[in-house]
């Protein structure tokens, strides 16, 4: 099995240095917006802010270089690192800073960071003055292929991930691949877990692509799904493939103050293979399809084994709280016709697959 470092090196080796940025539209009528993927694209942030805003608030974190070129007053707001920053307390703090600086309804928030930043800043944008414009400048691989796109914003409660939030679409999303040059290797792993998911949403040649192509194909897949189902009424739930167990693992890690924490993409990798094993036990897919899941996760240098600290009884309880569920055990599962939401999965089988994981 290759390491994440090896996969990153090979991915960059396959990349074409002269690749031109691409612009992908998320078509949502009056709320449509562009997603720009390529190197050097953060230079366009001023263009997307436009002339109607007299002030810009840049929400970011301390470790992210603030290199955005903006031609107006900028309020820099730094939030803490990690999932603990995705909280209502952080939302209140950011909103209060906006208010103290007389930030108005026609001004613009720029979220510069990974998924934590885009989730928090997007939720602030959705609720401050009942809605202001915001732009996502994704600085992590995870944000580029998932968190920054689609308008799902929100924060965590102690009881679970993303339980408080709103749908609020950005005005633009910028995926500047230059920002990945200093990305820590574990954050690459986090992004790889989400990219692996897209293999089972129809990107057949995903593993063989270069960096820009992997990001572009992942973005195009998410855009197609969100354009059909903006508010997760049906098809958009499929983007949560592998996430039911993943979110439970992340929540257990925070609740128990586990020494060896787990990042979102790492948890998704475990969740993908768990979901495949569950689908096999339910007679939905053959064993060869489970092996395909394992191979894809392996190809990104990720583990699909349940962490040693995981308490299976706690995970079962947390999975019942998943947003897709209604007091039952609900999963996105593979099948002969592709992915679909499956409700009322028998607890006995879930427990047995957890024990095998």
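The values are calculated or read from the model by the stated rules, or taken from the named source; none is laboratory data. It should be emphasised that the depicted structure is a prediction, and the values quoted were computed from it without experimental measurement. As a convention, Cβ positions derive from the backbone with ideal geometry for all residues, glycine included, and neighbour counts pool all protein chains shown.
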What residue, among those in the stretch 52-99 that are modelled with pLDDT under 90 and in a helix (DSSP H, G or I), is surrounded by the fewest Cβ atoms within 10 Å (Cβ to Cβ)? 84
Condition (residue is outside any helix (DSSP H, G or I) and touching a strand residue (DSSP E or B) at 6+ places or on another chain (Cβ under 8 Å)) applied to the stretch 286-303: is it met by at least one residue? no
Among the residues of the stretch 37-51, write down those that are surrounded by 13 or more Cβ atoms within 10 Å (Cβ to Cβ) and outside any loop (DSSP other than H, G, I, E, B). 37, 38, 41, 42, 43, 44, 45, 46, 48, 49
Checking residue 201 against (1) touching a helix residue (DSSP H, G or I) at 6+ places or on another chain (Cβ under 6 Å); (2) closer than 23 Å to residue 8 by Cβ; (3) assigned to a helix (DSSP H, G or I), which single condition isn't satisfied? (3)
Only one of 116, 137 that is without any contact (Cβ under 8 Å) to a residue 60 or more places away in the chain, within 23 Å of residue 40 (Cα to Cα) and touching a helix residue (DSSP H, G or I) at 6+ places or on another chain (Cβ under 7 Å): 116
Looking at the stretch 258-285 only, could you name the residues that are outside any helix (DSSP H, G or I), touching a strand residue (DSSP E or B) at 6+ places or on another chain (Cβ under 9 Å) and in contact (Cβ under 8 Å) with a residue 60 or more places away in the chain? 282
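Residues in the stretch 125-138: is at least one assigned to a helix (DSSP H, G or I) and surrounded by 24 or more Cβ atoms within 10 Å (Cβ to Cβ)? Before the answer, list the steps.
Residues of the stretch 125-138 that are assigned to a helix (DSSP H, G or I), as a first pass: 125-130.
If we keep only those that are surrounded by 24 or more Cβ atoms within 10 Å (Cβ to Cβ) too, we end up with 125.
Yes.
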Would you mind telling me which numbered condition in (1) over 28 Å from residue 328 (Cα atoms); (2) out of contact with any strand residue (DSSP E or B) (no Cβ under 6 Å at 6 or more places or on another chain) residue 229 fails? (1)
Answer with yes or no whether residue 147 is in the same structural domain as residue 46 (by TED's automatic domain parsing) and buried (at least 24 other Cβ atoms within 10 Å of the Cβ). yes
Of (1) crowded, with 20+ Cβ neighbours inside 10 Å; (2) farther than 28 Å from residue 4 by Cα, residue 328 satisfies every one except (1)
Qualifying residue in the stretch 165-179 (condition: out of contact with any strand residue (DSSP E or B) (no Cβ under 9 Å at 6 or more places or on another chain), buried (at least 20 other Cβ atoms within 10 Å of the Cβ) and outside any strand (DSSP E or B)): no
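Suppose we keep only residues that are in contact with a strand residue (DSSP E or B) (Cβ under 8 Å, 6 or more places away or on another chain) and either loosely packed, with under 12 Cβ neighbours inside 10 Å or part of a loop (DSSP other than H, G, I, E, B) (or both) within the stretch 1-29. Which one would you say is modelled with the highest pLDDT?
Residues of the stretch 1-29 in contact with a strand residue (DSSP E or B) (Cβ under 8 Å, 6 or more places away or on another chain): 19-26.
The next check asks that each one be either loosely packed, with under 12 Cβ neighbours inside 10 Å or part of a loop (DSSP other than H, G, I, E, B) (or both); those that pass are 19-21, 25.
Numbers: 19: 83, 20: 93, 21: 94, 25: 97.
Taking the candidates together, the pick is 25.
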Is it the case that the stretch 323-336 has a residue that's more than 18 Å from residue 240 (Cα to Cα) and in a helix (DSSP H, G or I)? no
Applying the selection to the stretch 307-322, what residues are under 21 Å from the mean Cα position of the chain (by Cα), buried (at least 20 other Cβ atoms within 10 Å of the Cβ) and part of a loop (DSSP other than H, G, I, E, B)? 322
Scanning the stretch 213-246 for residues that are buried (at least 20 other Cβ atoms within 10 Å of the Cβ) and part of a loop (DSSP other than H, G, I, E, B) gives 241, 242
Identify all residues within the stretch 331-345 that are in contact with a helix residue (DSSP H, G or I) (Cβ under 7 Å, 6 or more places away or on another chain) and either modelled with pLDDT under 95 or surrounded by fewer than 20 Cβ atoms within 10 Å (Cβ to Cβ) (or both); write none if there are none. 335, 341
